[in-house]
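First up is the structure itself, then whatever we jot down about it.
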Amino acid sequence: MGSTTGPRGTAHRLAVGAVALLAAASLITACGSDGGGGGGKGSRAGGATGVDDGSTLTMWTRAATRPQSEALVKAYNAGHENKIRLTVVPTDDYQAKVGAAAGSHDLPDLFASDVVFVPNYTSSGLFADITDRVDALPFAGSLAQSHIKAGTYEGRKYVVPHTLDLSVLFYNKDLYRKARLDPAAPPTTLAEWDRQARAVDALGGGVDGTFFGGNCGGCGVFTWWPSIWAGGEEVLDKEGTAAHLDSATARKVYDVYRGWVRDGIVAPGAKDETGTTWTGVFPKGKIGIMPMPSTTLGLMPDGLDFGVAPIPGPEGGKSTFVGGDAVGISATSDKADQAWNFLAWSLGDAAQVDVVAAHKDVVARTDLAANKYSAADPRLVTINRLVADGRTPYALKFGQTFNDPNGPWLTLMRDAVFGDGTSVEKDNKAVSASLAD
């Protein structure tokens, strides 16, 4: 999937580049905040669409979002005088590369980032202020607000959505029919999800009710937190420095998962699943219902009859973790107007529909949720419309806390589901301590 909050997560590697980011912060901030070529406040030469004058632009993206980035760049280069030279960096090396480039004053004109790490870059001054440019877009209000909020620092906007990856329920309609469940009625509450998973599991013969990555912190935040949000609770405070993962709603979520483990409703291997094979279980056709990344929709095998649905809370509601990448103009770029030309185009109707939607990816604009490509597959409409109900958590210490396999969140997950669930309050305090560290 597109986000390191997904299958395995490599957020702990953020620490590799953290020193370089902090050391470079004053240098970078001083260089692109005055409204000059660096694209600071008030810099809007070329109007809302920027400048297309044949410039060559450099852009970095991580390997996890390579297909989407390459498709957009290829389409842009084919129709514009400007040309983008895209560099795809191994995902595990990306944070260190950005940190080193910031320290040496050698960032590219454009660079994308896993959206959960954007706050680290905005607070370090690595992105140019594009507030006026974003606000001038005629569809500004329809952009994925979770990504916009993640890239807003001290009231100013620094990034726009690049690729979106949502957490949604996938359910096997053939197994639902065999279990005498209505294939047109996926669960709308966590209690219904529990009942339906158990009904499918009762079929036996190698069929299991559900599955999850039990040794994968990124999998947990991506698929468990939406149930907490749907239940009306927050998982973090607004500053991202304290956790609320011991709330009554959170405990209800853990209780259901623990019941699946206790009663054998979850497929074998969940306890040791680190995320490397997490999304490969459902396509085999032996799992009733489980949450997965929206980006796996186009990877399902032919002949598998499945549906998608929002992730519900204990008593109802719906939500999703909006992952993926956001992209911005580096604060040191001297081609901000040309770089904005690419960003504005990438969010326009043609790019979002004929490139993004055509590849069965989630569009970055809620007003394009229903389009000529999603019309042929109602599942795409369901996913696209969920963007408006989604969240992207904000925390500067996200990686060390939630993605690191030695971090406190994974301890909370495993204690709550594979243990007796009595240490949630203590584990939540450890999560908060990590966030505030």
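A compact table of results
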item	result
Pairwise centroid distance, computed over Cα atoms, of the stretch 366-437 with the stretch 94-152, Å	21 Å
Under 13 Å from the Cα of K97 - aspartates and glutamates, other chains or at least 8 residues apart	D106
Heavy atoms of D255: accessible area, 1.4 Å probe, square angstrom to 10	80 Å²
For the stretch 187-341, average projected area of the Cα convex hull in nm²	12.4 nm²
Relative contact order computed over the stretch 250-391 (Cα-Cα under 8 Å; 6+ residues apart), in percent	23 percent
Over 32 Å (Cα to Cα) - which of K360/K429; K83/K149; K173/K252; K252/K372; K372/K397 fall in this group	K360/K429; K252/K372; K372/K397
With DNA, RNA and ligands ignored, accessible area of S247 (1.4 Å probe; Å², nearest 10)	20 Å²
Dipole-positive endmost among Q352, N341, S330 within the stretch 321-437 (Cβ charges, Cα centre)	Q352
Difference of contour (0.36 nm per residue) and Cα-Cα distance, D334 to K372	9.9 nm
Accessible area of the chain divided out per residue, in Å², using a probe of 1.4 angstrom	36 Å²
Whole-percent carbon and sulfur share, accessible surface of the stretch 295-397, 1.4 Å	50 percent
Dipole magnitude (debye, nearest 20) for the chain, charges at Cβ of Lys, Arg, Asp, Glu	620 debye
Relative contact order for the chain, counting Cα pairs under 8 Å that sit 6 or more residues apart, in percent	27 percent
Partners for K178 among aspartates and glutamates (Cα-Cα distance below 19 Å; same-chain residues under 8 apart left out)	E192, D194, D201, D208, D305
Cα extents of the chain along the three principal axes, largest first (Å)	64, 48, 33
Accessible-area composition of the stretch 174-236, carbon plus sulfur, in percent [1.4 Å probe]	45 percent
Two-site FRET efficiency, T277 against L304, from Cβ-Cβ distance with R₀ of 25 Å, rounded to 0.05	0.90
Dipole moment magnitude, nearest 20 debye, the stretch 299-437 about Cα centre, only Lys, Arg, Asp, Glu C-beta charged	140 debye
Charge tally in the Cβ shell below 12 Å around L236, where Lys, Arg are +1 and Asp, Glu are -1, L236 excluded	-1
Percent of beta bridges antiparallel (DSSP, the chain, rounded to nearest 5)	70 percent
Linear extension gain, D53 paired with N406, 0.36 nm per residue minus alpha-carbon span	122.2 nm
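The values are calculated or read from the model by the stated rules, or taken from the named source; none is laboratory data. What you see is a predicted model; the values in this text were computed from it and never measured. Heads up, the Cβs are rebuilt from the backbone with ideal geometry, glycines too, and the neighbour counts pull from every protein chain shown. Side chains are part of the model used for accessible areas, which takes the heavy atoms of the whole protein and leaves out ligands, DNA and RNA. Shrake-Rupley method; radii C 1.70, N 1.55, O 1.52, S 1.80 Å.
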